[in-house]
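Asks: Got a structure for you, questions after.
The values are calculated or read from the model by the stated rules, or taken from the named source; none is laboratory data. These numbers were taken from a predicted model, which means no experiment stands behind them. Please note: Cβ atoms are built from the backbone with ideal geometry, for glycine as well, and neighbour counts cover all protein chains shown. Only protein heavy atoms, including side chains, enter the accessible area calculation; ligands, DNA and RNA are left aside. Shrake-Rupley method; radii C 1.70, N 1.55, O 1.52, S 1.80 Å.
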Amino acid sequence: MIFKNLFRRKTRTLLTVLGIAVGVAAVVALGAMAEGFVANYTDLVAGSGADLLVMQADAMDVAFSAVDMTVGERIAAMPDVAEVDGVVYGWLTAGGELDFFIIFGHEPRSRSIAHFRVVEGVPLSGGRQILLGKAAAETLDKSVGDTMRIYGTPYQVVGIFETGQGLEESSGVIPLEEAQKLFNKHRQVNGFQVYLRDLEALEAVQARIEKLFPKLSASRAKDYGLQQDWLSMMKGLAWGISLIAIVVGGLGMMNTMMMSVFERTREIGTLRALGWKRGQVLKAILGEALALSALGLSLIHI
């Protein structure tokens, strides 16, 4: 009886099912995309296994930060610090062969570059060389030995790397000195990745860095994504759009059920006259609502 009543108005039922499916799919898809992007973007900074990231305190993102190289030398002199690596992050748009590309600048023999596992070719040694992520190499149709231009400057592809991280494998790595020239950062980096001798000293080192350099922030590298306002705003926007989709789907469901009741007052009256109790009528209406919801959810898996 439930499905018989639903298919009396096939178009209305279909639109309601689609509304439910779209609403639920929006919540799942947009939520997963937002969480995935935050996790991937955090890995761009923390993928090297650094304990702390030091950058400008008032910078919206590490890509907009600029820190003098002398800061790294002073941090490296701290007794609990094992290594400090300056890193340059750059985002290229409409740059010759590239539509959108991330460039990392690392010292060729630094600890921070070690997680870029070279699977073809050789590691960076210096000069105008570039390592390409596997995905970037495939997209750009480049292989070891090829030359690619970035803002008119030729770089030789000396290796292809993998990290297991999507954004990184769609990027390129060049020597730190070349990245500084490319992004006009004379004696500057976007930030420093700090490796400690003992993690128990993390909070003490963090506090000492921020005391010595009031205009800088020292945060746990693995918590980077959670501390960026723009990433939080992006997550909030995704959930906001999902909420709107859910509300629209809910209003569609409510409209369908209300019309179902208003159009069937005589039928409900007849059922009541035949001995149906209010609870039985209510169960029938709710059963139709549950059936619509189940159809909407099953549509997502098709």
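Asks: Taking a probe of 1.4 Å, how large is the accessible area per residue of the stretch 110-152, in Å²?
Replies: Numbers: 2330 Å² over 43 residues.
With all protein chains present, the stretch 110-152 gives 54 Å² per residue.
Asks: Starting with the highest mean, order 167-174, 194-201, 51-58, 110-117 by the number of other Cβ atoms within 10 Å, averaged over the residues of each peptide. If you can, show how the numbers build up before the last one.
Replies: Numbers: 167-174: 22.5, 194-201: 15.5, 51-58: 20.5, 110-117: 18.1.
The most tightly packed comes first, giving 167-174, 51-58, 110-117, 194-201.
Asks: Normalise the Debye intensity by I(0) for the stretch 51-143, one equal point scatterer per Cα, no solvent, then take log10 at q = 0.10, 0.11, 0.17, 0.19 Å⁻¹ and round to two decimals.
Replies: -0.35, -0.42, -0.93, -1.09
Asks: Convert each backbone phi in the stretch 196-209 into a coupling constant with the Karplus relation 6.51 cos²θ - 1.76 cosθ + 1.60 (shift: θ = phi - 60°), then list the ³J(HN,Hα) values in order as whole Hz, x for Gly and Pro.
Replies: Residue by residue, the stretch 196-209 yields 9, 6, 9, 5, 5, 8, 4, 5, 5, 5, 4, 5, 5, 4 Hz.
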